[in-house]
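Participant: This is the structure, below, for whatever I ask next.
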Amino acid sequence: MLICTLLTAPDGPNLEASLVENLRNAWGGGDVIWLAPDQAAEFSLAQRPSNFEQVWEDVQKMSVDMVILPAEGRRKKMLLADMDSTMIQQECIDELAEVAGVGEKVKDITARAMNGELDFEAALKERVGLLAGLPEAVITQVLKTRIHLMPGGPVLLKTMKANGAYAALVSGGFTAFTSEIARILGFDENRANTLIAKDGSLTGDVGLPILGRDAKVT
């Protein structure tokens with residue numbers, strides 16, 4: 001058995017009941033179950049519809065997403081999430097760089113990394129080096145005044161935890177941020193890179209080994 005789920009963003013257009021019912025009827029689905037009023041609904045299917053791709057493209061134009069998954073194993077037992085621009089709306093190193101007055105330099109290094117001129121480790125070391133001398137207390141200031149949770153994040157964590165899932169926050173950013181975001185949202189563990197500080201100021205160094213992209217899949 002398969003389950004077809006239709007959903008919209010909380011700040012987007014409503015999911016129309018007529019759309020859900022018409023699809024259910026056209027595909028010979030089971031009873032419609034509303035997961036969230038005007039936002040998410042699902043129904044069972046015996047098989048994947050042959051015109052799914054075309055219908056998916058059509059509903060996307062209505063700001064509606066649609067997925068079909070096997071009923072068995074649908075409830076996931078683990079959530080592995082990134083932090084920057086995923087569980088929070090910002091990039092932590094960019095926020096620190098802005099406070100340190102080196103925002104444009106850090107953005108330039110990021111652009112070079114995106115263009116393949118630098119690998120992740122080299123780019124991270126170069127950017128962190130620009131933070132040398134920044135008071136360690138600035139991290140707390142940035143967390144309080146410049147970092148905002150991504151909409152939907154708290155609900156995602158509560159839902160996963162309520163269903164017995166294990167949640168891990170893994171980031172190429174910094175433990176000074178992941179530890180606090182993990183605490184606020186309820187992650188079971190967090191892993192990231194460590195900013196080195198001495199006498200209350202950042203040294204411009206990052207602890208080794210550096211946690212990069214590969215760590216998120218291993």
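Every number here is computed from the coordinates shown, using simple stated rules; none is lab data. Keep in mind it's a predicted model, so treat the numbers as computed, not measured. When we count neighbours, we look across all protein chains shown, and the Cβ atoms used for this are built from the backbone with ideal geometry, even at glycine.
Participant: Would you order Ile196, Ile88 from fewest to most other beta-carbon atoms within 10 Å of each residue's own beta-carbon?
Facilitator: Ordered from fewest to most neighbouring Cβ atoms within 10 Å, Ile196, Ile88 come out as Ile196, Ile88.
Participant: Between (i) 21.5; (ii) 20.1; (iii) 18.0, which entry matches Kirkwood radius over Cα pairs in Å as derived from the coordinates of this structure?
Facilitator: Looking at Kirkwood radius over Cα pairs in Å for this model, the match is (ii).
Participant: Counting other beta carbons within 10 Å of each residue's own, what order do Met83, Met160 fall into, fewest first?
Facilitator: Met160, Met83
Participant: Hey, how many Å between the Cα centroid of segment 168-206 and the Cα centroid of segment 44-60?
Facilitator: Comparing the Cα centres of segment 168-206 and segment 44-60, I get a distance of 42 Å.
Participant: A further question on this structure: Go through segment 194-207 residue by residue and turn each phi into a ³J(HN,Hα) via Karplus (6.51, -1.76, 1.60, θ = phi - 60°); whole Hz please, and just put x for glycine and proline.
Facilitator: For segment 194-207, the Karplus curve yields 10, 7, 8, 10, 9, 6, x, 10, 5, 8, x, 10, 10, x Hz.
Participant: Further question on the same structure: In percent, how large is the relative contact order of the chain, given Cα pairs closer than 8 Å and 6 or more residues apart?
Facilitator: About 19 percent, as a whole number.
Participant: Pick from Phe177, Phe43, Phe120: which is most flexible by mean-square fluctuation in a GNM of the chain where alpha carbon atoms under 10 Å apart are linked?
Facilitator: Per the Cα network of the chain with a 10 Å cutoff, Phe43 tops the list.
Participant: Now a separate question. Compute, for segment 79-216, the length of the dipole vector about the Cα centre, with Cβ point charges of +1 (Lys, Arg) and -1 (Asp, Glu) only. Units Debye, rounded to 20.
Facilitator: Charge dipole of segment 79-216: 400 debye, to the nearest 20.
Participant: Next question, about the same structure. Just need the relative contact order of segment 60-169 here, percent rounded to a whole number, with Cα pairs under 8 Å and 6+ apart.
Facilitator: So the answer I get is 44 percent.
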